[in-house]
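Q: For reference, the structure I am asking about is given below.
The values are calculated or read from the model by the stated rules, or taken from the named source; none is laboratory data. Keep in mind that this is a model prediction, so the values were computed, not measured. Cβ: placed from backbone, ideal geometry, glycine included. Neighbour counts: every protein chain shown. Quick note on the areas: whole protein, heavy atoms, side chains included, nothing else; ligands and nucleic acids left out. Shrake-Rupley method; radii C 1.70, N 1.55, O 1.52, S 1.80 Å.
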Amino acid sequence: MKKDEITLKSIVHQTFVGEFYPYNVEQKNDEEIDSYINNIVGSLSSINNLEVEADFNHYGSGYASYVPIFCYKKDGSTTEIVKGNKTINGILLYVCRHAPVAAYGRSQVTRDSHGGSREFLTSKLIGTVPSGDWMEIENRIKEYLNNYHFEILSKDFLEEPLDFNILIPTNFNENESYTIFDCFFFWED
């Protein structure tokens, strides 16, 4: 993926950037993008022993430039229940809505009788997986993303500071010193 100023500013301004449909259309069509991402979710669901939860509307009245997809083992080996509180360790995948790129890292979800919480993916966690044997699942996730022509962005790339000025509508970054991560994966509430 290019990291030039024009491309990154286009992504922040919610313009599609890509060389194939539905990312190469001039007229923005969020439904087509979400449908394409939903196909990826369906493919990921076919991975042996993998539970996949995509949340296309997780951010309520706000806007997210990505779809968060939480993947964990079906066999319960990464789930712990203590006093009715469930903790699930897995891989959180961010799939960008504006460009065919993705990033992933280890994450945790908690659930209890009152709801639950989930972690956000930060650039510090990019490319990490939970403890235990995740190699086969990690490789299959990469394979499916590649099949859909998605580039998996590296931690080093995403942590690069921007060398131009821009205001990114994100709740994630509090210090106004943006990185490439902020261009692809932002959430505005």
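Q: Working with all protein chains in place, sort Tyr94, Tyr72 by solvent-accessible area computed with a 1.4 Å probe, largest first.
A: Tyr72, Tyr94
Q: Let me ask something else. Between beta-carbons, use under 11 Å as the cut-off and find the net charge around Leu50, counting Lys and Arg +1, Asp and Glu -1.
A: Every neighbour counted, the sum reads -2.
Q: How large is the convex hull of the C-alpha atoms of the range 1-44 per residue, in Å³?
A: In the range 1-44, the Cα convex hull volume per residue is 85 Å³.
Q: With the alpha-carbon atoms as the only input, what is the per residue convex hull volume for the chain in Å³?
A: On the way: hull volume 23.6 nm³, N = 189.
Dividing the Cα hull volume of the chain by its residue count gives 125 Å³.
Q: So, one more: Find which of Val82, Leu50, Phe16 sits farthest along the positive direction of the dipole of the range 1-155, computed with +1 on the beta-carbon of Lys and Arg, -1 on that of Asp and Glu, about the Cα centre.
A: Val82
Q: Add +1 for every Lys or Arg and -1 for every Asp or Glu among the other residues with Cβ under 12 Å from the Cβ of Ser123, and state the total.
A: Numbers: positive: Lys124, Lys155; negative: Asp156, Glu159, Glu160, Asp182.
Local charge sum for Ser123: -2.
Q: If you don't mind, another one. Just from its helices, what would the mean residue ellipticity at 222 nm be for the chain, if runs of 4 or more DSSP H residues each count -39500 (n - 2.57) and the sum is divided by every residue, rounded to the nearest 500 deg cm²/dmol?
A: -6500 deg cm²/dmol
Q: Counting other Cβ atoms within 10 Å, keep those with at most 12, restrict to DSSP loop, and tell me which chymotrypsin sites (Phe, Trp or Tyr not before Pro) in the range 10-54 are left.
A: Sites meeting the loop and neighbour criteria: Phe20.
Q: With r defined as the distance between the Cβ atoms of Ser117 and Val82 and R0 fixed at 22 Å, what FRET efficiency is calculated, to the nearest 0.05?
A: That pair, Ser117 with Val82, gives E of 0.90.
Q: Ignoring ligands, DNA and RNA, how do Asp34, Asp182, Asp156, Asp163 rank by accessible area with a 1.4 Å probe, largest first?
A: Result of the area sort, largest leading: Asp163, Asp156, Asp34, Asp182.
Q: With angles folded into 0 to 90 degrees, how steeply does helix 30-44 sit against the dominant principal axis of the chain? Use alpha carbons for both and round to 10.
A: That works out to roughly 40 degrees.
Q: Given 0.36 nm per residue, what is the gain on full extension from Met135 to His13 after removing their alpha carbon distance, in nm?
A: Length gained, Met135 through His13: 40.3 nm.
Q: Are any of the pairs Lys74/Lys142; Lys74/Lys124; Lys86/Lys155; Lys73/Lys124; Lys83/Lys124 more than 21 Å apart by Cα-Cα distance, and if so, which?
A: Lys74/Lys124; Lys86/Lys155; Lys73/Lys124; Lys83/Lys124
Q: The chain: longest stretch without exposed GluC sites (Glu not before Pro) (DSSP loop, at most 10 other Cβ within 10 Å), sites themselves excluded?
A: Details: sites that count: Glu19, Glu26, Glu174, Glu176.
The segment 27-173 is the longest one with no such site.
Q: Over all pairs of distinct alpha carbons, what does the Kirkwood formula give as the hydrodynamic radius of the range 92-182, in Å?
A: About 14.8 Å, per the Kirkwood formula over Cα pairs.
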